[in-house]
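Novice: A single structure is presented below for examination.
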Amino acid sequence: MSKPLRRSLLAVSLALAVSPAMAQAARYSTLQTGVASEPTAVYDGLIVTYRSGAAERTSTAAAATKLKSAMATTAVRSQWNAQFRQAPPVLNRVRRLATGADLVRPASKLSQEQLISLMQTLKADPSVAFVEPNLLMKPIRATAKAVLPPGQTAPNDPNAVVQWHMRAADGHAEHTEQDTSVSFPNWGGINAIPAWQYGDGDGVVVAVIDTGITAHPDLDTSLADAGYDFITDGYISGRATDGRVPGGWDLGDWTTDDKFLVENGGCAQSYEQSDSSWHGTHVAGTISELTNNSVGMIGVAPKAKVLPVRALGHCGGTTADIADAITWASGGHVDGVPDNQHPAEVINMSLGGYGSCASDGVTSQAITAAIARGTTVVVAAGNDNSDASAYSPASCPGVINVAATGITGKRASYSNFGSTITLAAPGGGAYTNDDPSTGTTVRAGFVWSTLNLGAHEPGTPTYAGYTGTSMASPHTAGVVALIISAALNAGKPIPTPQQIREILTQTSNVFPIKPTLRIGAGIIDAGKAVARAAGLAGGGDEANAVLLAKGQVLSGQSAAQGATQLFRLDVPANARNLQIRTLGGSGQVKMYVRATRAPSADGSDADVSSVRAGTTQNMQTALPVADSYFIRLVGGTGGYKSISLTATYSTY
């Protein structure tokens, strides 16, 4: 059976509610986003980031004074009196985040127009760098759910028979249905088992920032007590009081009680109400479910340690709490919380909300700092069949943003897409041949992992199939753990997050059918990626590309007919007007350009081809994607001799 979910991501609006005198639930407010396809959103206060060097950045007393003075000027008071016929609200500073920003709440409930006015006032202050609502983000929940029937028989991990997503994407027939005469060609699996000869995740910590984890006989929960619950609000956490507590255990995230309804001052629309998802438990199982233990199923990196970090509870989790969780999980310091004794090499976040990730916002700042500490950050693209550039953290700079495919290797119908996607991984398509028009759900359409049967509080451990980009992201996080493990086993330095990104993209499998919408470089292949990390062959020839710098002229390039040369140009996020060209010399040259991956010698998979007669070839684009561009020069009839290759772009 399947269980559709009306919404997987929470949309952004300029809404918030704050009144210390009101009931706890009344802090939350919902307003329309102005985007027709998005529902109302929920916020709790504002996050104010001060400029580097400003006194407010280092002094909490100065920050508190600033909030008071900002609303007390004659101009602001006159504006509010004229526009709203009331005095401007008092701003209460709640706490300082690990990024240095402040969480603040007005002392009275605001309309959307009042909130916009308040944000504009704060942004106008020279000491303020950025102002954003404290968004209540959601776990990117499954678009469908299936329960595994009993009676599976197979050696060792008996239920691994249904985990098509762990096997090779070579088109072999998957007999995963109860009717063994029914099969599906597997073009979407990640080929995990061959990777274990090089590394199985041993010695690697993967932080799962999610709903927490539940006890399960097929999960290693040895770091559950070492994890932390970053939810500050008792209403969201389900605890009797506000405040953070040790441990990464999932207490449940159900919203079926009337107190969670928006009309009762809560944070959920009636169509959003649901029993507990046990989302973090499913994600954790995909990453490192115990393997070769004659129980249940297998995980991508069976020896990796999951560090559960609870940041999502009833109705989701706030931007401020999630930002602190990112900092702590990656080894950074958060005031009031003991430092993490198990800093993560990898963070998985299968969560998100509508609204692009601003570089000055706290989520982006926390992620940038985590990457600088050496932590690779993997996120889910989102389940709204929309451009992921409009979602956070999917659009945050530096993340590995993962779209979802099904068993056939096609983009899952729900998966977000676009230029911010790094690559794709199994998320499941739910339906026969990943085609929703069939209306028939099959076990081969789901991603299978650990779960719990409790409707509210934790109950009996079980296994279940989910579909969603939330399932694609942990496949990728698990492969990152394998990459690090393989490098350690081979006596090599731990790859940097950028090097890991390149290993993943450059060893990914070509889509069996070219997607009509961009979902990254290809489908992740654990076997190839881990072999590359171990120093063996894997993927294409990108590692051998000659680096081309902006403005550099590589002269004297020559090749015989049919021979190729490969070059690489790294284009930053602030680039404009990219131009790549060849000129001079003699003969015939063909130029193929592709972002992320090297184009093939025949140019069939190139993003841009320039094959006019002679040696003058040109590629240009006004708004290039921030990525590595691979340029393949191919000798045409008679080859080419002594040509020059150059590339230019402007920055802002």
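Just so you know, all these numbers are worked out from the coordinates, no wet-lab data involved. No experiment lies behind these values; they were computed from the predicted model shown. Neighbour counts are summed over all protein chains in view; Cβ atoms, including those assigned to glycine, are modelled from backbone coordinates with ideal geometry.
Novice: With the crude spin-label approximation of a point 7 Å out along Cα→Cβ, what separation in nm comes out for Asp257 versus His175?
Specialist: Output for this residue pair reads 5.0 nm.
Novice: According to the square roots a ≥ b ≥ c of the eigenvalues of the Cα gyration tensor, what is the shape class of region 532-637, taking rounded for a/c under 1.5, prolate for a/b larger than b/c otherwise, and oblate for the remainder? If you can, show how the numbers build up before the last one.
Specialist: On the way: a/c = 1.68, a/b = 1.12, b/c = 1.50.
Oblate, because a/c is 1.5 or more while a/b does not exceed b/c.
Novice: Provide the gained length on full extension for the span Gln579 to Asp242, in nm with one decimal, where the gain is 0.36 nm per separating residue minus the Cα-Cα distance. Provide the component values of the computation, followed by the final result.
Specialist: Values: separation 337, 0.36 × 337 = 121.32 nm, distance 5.50 nm.
Gain on extension, Gln579 to Asp242, equals 115.8 nm.
Novice: Subtract the Cα-Cα distance of Ser600 and Val510 from 0.36 nm times their separation in residues, and report this length gain in nm to one decimal.
Specialist: 31.3 nm
Novice: Taking the alpha-carbon centroid of each part, what is the distance from region 494-561 to region 38-82 in angstrom?
Specialist: 46 Å
Novice: Most exposed first by the Cβ proxy, i.e. fewest other Cβ within 10 Å, how do Lys514, Lys303 rank? Don't jump to the answer; show the numbers that get you there.
Specialist: Details: Lys514 8, Lys303 19.
Taking fewest neighbouring Cβ atoms as first place, the list is Lys514, Lys303.
Novice: DSSP H helices in the chain with Cα extent of 24 Å or more along the helix axis and mean Kyte-Doolittle hydropathy at least 1.0? Walk me through the intermediate numbers first.
Specialist: Details: long enough: 469-489 (30 Å, 1.11).
What comes out of the filter, once short or polar helices are dropped, is 469-489.
Novice: Please go through the residue pairs Lys145/Lys410; Lys305/Lys410; Lys68/Lys138 and name each one whose alpha carbons sit more than 28 Å apart in this structure. Please list the in-between numbers first.
Specialist: Values: Lys145/Lys410 19 Å; Lys305/Lys410 31 Å; Lys68/Lys138 32 Å.
Violating the 28 Å Cα-Cα cut-off are Lys305/Lys410; Lys68/Lys138.
Novice: With a 10 Å Cβ neighbour count serving as the proxy for reagent exposure, in which order, fewest first, do Asp435, Asp384 appear? Please report the intermediate quantities before stating the final value.
Specialist: On the way: Asp435 16, Asp384 22.
The most exposed by this proxy come first: Asp435, Asp384.
Novice: Please work out the FRET efficiency for the pair Thr440 and Asp541, using the Cβ-Cβ distance as r and a Förster radius of 35 Å; give the result to the nearest 0.05.
Specialist: Given R0 = 35 Å and the Cβ-Cβ separation, E is 0.25.
Novice: Suppose R0 equals 25 Å; then what is the FRET efficiency for Thr58 and Asn92 from their Cβ-Cβ distance, rounded to the nearest 0.05? Intermediate values should be presented prior to the final figure.
Specialist: Values: r = 20 Å, r/R0 = 0.81.
Calculated value: 0.80.
Novice: Oh, and also: May I ask you to derive the FRET efficiency for Val182 and Ala563 from their Cβ-Cβ distance with R0 = 41 Å, giving the value to the nearest 0.05?
Specialist: So, using R0 = 41 Å, E works out to roughly 0.30.
Novice: Turning to a different aspect of this structure: Counting only helical runs of four or more DSSP H residues, what would the 222 nm mean residue ellipticity of the chain come to if each run contributes -39,500 (n - 2.57) and the total is spread over all its residues?
Specialist: That calculation yields -5000 deg cm²/dmol at 222 nm.
Novice: Arranged by the count of other C-beta atoms within 10 angstrom, fewest first, what order do Leu351, Leu67, Leu136 take?
Specialist: Lowest count first: Leu67, Leu136, Leu351.
Novice: Distance from a point 7 Å along Cα→Cβ of Thr616 to each backbone N in region 589-604: keep the residues under 16 Å and list them by number.
Specialist: Residues 589-591 fall inside that zone.
Novice: In nanometres, what is the gap between the two model label sites at Gln341 and Ser222, each 7 Å from Cα along Cα-to-Cβ?
Specialist: Each label point is offset 7 Å from its Cα along the Cβ direction, giving 1.4 nm.
Novice: Give me the one-decimal nm value for the distance between modelled label points at Asn264 and Ala626, 7 Å along each residue's Cα-to-Cβ direction.
Specialist: So the two model labels end up 4.4 nm from each other.
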